[in-house]
Amino acid sequence: MSEIFAKRRRIMMEHMQEGVAIIPAAPVRPYGNGLEYSYVPDSNFYYLTGYREPEAIAVLRPGHERPFVLFVRDNDSFAETWFGKRSGVKGALENYGADEAYPIGEFAAKLPELLNNKPKLFYRFGASEYDGTVLSAIAALRGKMRLGFYPPRTIIDPDLILGELRLFKNEAEEIDLFRKACQISSEAHIAVLKKLPFCNNEADLEGEFYLALRRLGAERVSFNTIVAAGVNGCTLHYEENRAALNRGDLVLIDAGAQYQGWCGDISRTYPISGTFSKEQAELYEIVLEAHRVAIAASRPGTTLDAIMAESVKVLSAGMVNLGFFPTKDVNSVIEEGLYKQYFMHRVSHWLGLDCHDVGDYHIGGKARIVDKGMAFSIEPGLYVAPGSGAPERYHGIGIRIEDDVLLTDNGCEVLTAVPKEINEIEAILAQAKNAN
Ligand SMILES: [Mn+2]
């Protein structure tokens, strides 16, 4: 097990100063009769432990001589025959650096002792199945105060610390994994691009993306893949992915791979026929320019709002030129928010162990100043739904172009690399078709 998890626990405990933190693993989520959704570990729990099995709880108690306690599923030969190997208590101690480890079944009984005389409890209510257990332990201690047992009096959301720690990616080891997740996401996108001439349905492209990311070593998609052909591209989170691909339409693919917990998130929009029509190219170049200026603006000292404003300026000016609005005044299109009919989401979200990563976007009610080690998406788009006020020749076109950036000392590193210039995309599609 990498040292990085122990280092993160030390830093977490320095920020806690005192008290005790309870960080549960994500629950298994059942459906149907005895079936389960594919298991996705909780990122806070994983960040601190590197442990990927369900039914586990990490307890951190700074100042204690055995500060890291891990509750885990114990070994069970019957269950392991059905569902695979478990680390067990022994594995928690030997492989995950736990100072003490117990079977998860003992958590409720041990909790009052763990909380006793700790002034602060770092625990997120409403996010796990243990709220009742925690409240019972607090109540039990409250009943014994005259004997010198005191429960925590202050309860704090651990995300106040973990969100800030996870927001900054400054460890070489974690940056390498993050780069790899973005590289796999990029390679899988390129594999899909090369298969496009031979695909007939959105489902084919989704399948090609999944095949590529699994072959490249990723564990899963970072989020449900979006493959949206033609007018489906105007639905921002379209996930049906089963419509026919019609020559003449664009197809918007928003997909990412998760590698050792780290998430890539890339969107590209391609012409199904192999070449962009005049109208498609006009809109595409506007989105691409909005994407370029946002990347150029991504550096320490700015804000996500300021980066977005750069994109919105380009998108709005482009739409004004193409006659999208009754007015030719770009400023009023921006100030009155008219552009939002065609660009209704934000340009960036934090990115990391969660695709929509943690960390506050505002400080004191204002957009926070970004700094080295922060990572986010750059994803402007234009979505011209049929029935909108735009010139009819643009109706049904949806375009998004998304890359992932990590802020450096004085700019940013673009972590993702998939062709996005029109001539590059058309050349690759022509070459792919001819190679077969
Ligand atoms: Mn995104």
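Taken together, the values in this text are just the output of simple stated rules run on the coordinates, not laboratory data. Remember, predicted model here, so these are calculated numbers, not experimental data. We place every Cβ from the backbone using ideal geometry, glycine too, and count neighbours over all the protein chains shown.
Please work out if SER311 is farther than 30 Å from TYR259 by Cβ and part of a helix (DSSP H, G or I).
For SER311, the condition - farther than 30 Å from TYR259 by Cβ and part of a helix (DSSP H, G or I) - is not met.
Looking at this structure, is ILE272 in contact (Cβ under 8 Å) with a residue 60 or more places away in the chain and either within 16 Å of the ligand (Cβ to nearest atom) or over 19 Å from GLU187 (Cβ atoms) (or both)?
It is true that ILE272 is in contact (Cβ under 8 Å) with a residue 60 or more places away in the chain and either within 16 Å of the ligand (Cβ to nearest atom) or over 19 Å from GLU187 (Cβ atoms) (or both).
Looking only at the stretch 213-235, count how many residues are small (Gly, Ala, Ser), under 19 Å from CYS355 (Cα atoms) and either surrounded by 21 or more Cβ atoms within 10 Å (Cβ to Cβ) or within 16 Å of the ligand (Cβ to nearest atom) (or both).
2
Just checking, does the stretch 27-43 include any residue being under 23 Å from the mean Cα position of the chain (by Cα) and in a helix (DSSP H, G or I)?
yes
Pick from GLU413, GLU379: which is closer than 29 Å to LEU250 by Cα and free of Cβ contacts under 8 Å to residues at least 12 places away in the same chain?
Exactly one of GLU413, GLU379 is closer than 29 Å to LEU250 by Cα and free of Cβ contacts under 8 Å to residues at least 12 places away in the same chain, namely GLU413.
From ILE286, ILE295, ILE307, ILE266, grab the single residue that is touching a residue at least 24 places away in the same chain (Cβ under 8 Å), under 21 Å from PRO391 (Cβ atoms) and of a type in the set (A, V, I, L, M, F, W, C).
Answer to the check: ILE286.
Please specify each residue of the stretch 241-269 satisfying the condition of being away from the ligand (no atom under 16 Å from the Cβ) and either outside any loop (DSSP other than H, G, I, E, B) or touching a helix residue (DSSP H, G or I) at 6+ places or on another chain (Cβ under 8 Å) (or both).
Correct list: ASN241, ARG242, ALA243, ALA244, LEU245, ASN246, ASP249, LEU250, VAL251, TYR259, GLN260, GLY261.
Out of (1) within 12 Å of the ligand (Cβ to nearest atom); (2) without any contact (Cβ under 8 Å) to a residue 24 or more places away in the chain, the odd one out for TYR238 is which?
The number of the failed condition is (1).
Check whether at least one residue in the stretch 193-216 is assigned to a loop (DSSP other than H, G, I, E, B) and farther than 17 Å from TYR270 by Cα, and report yes or no.
yes
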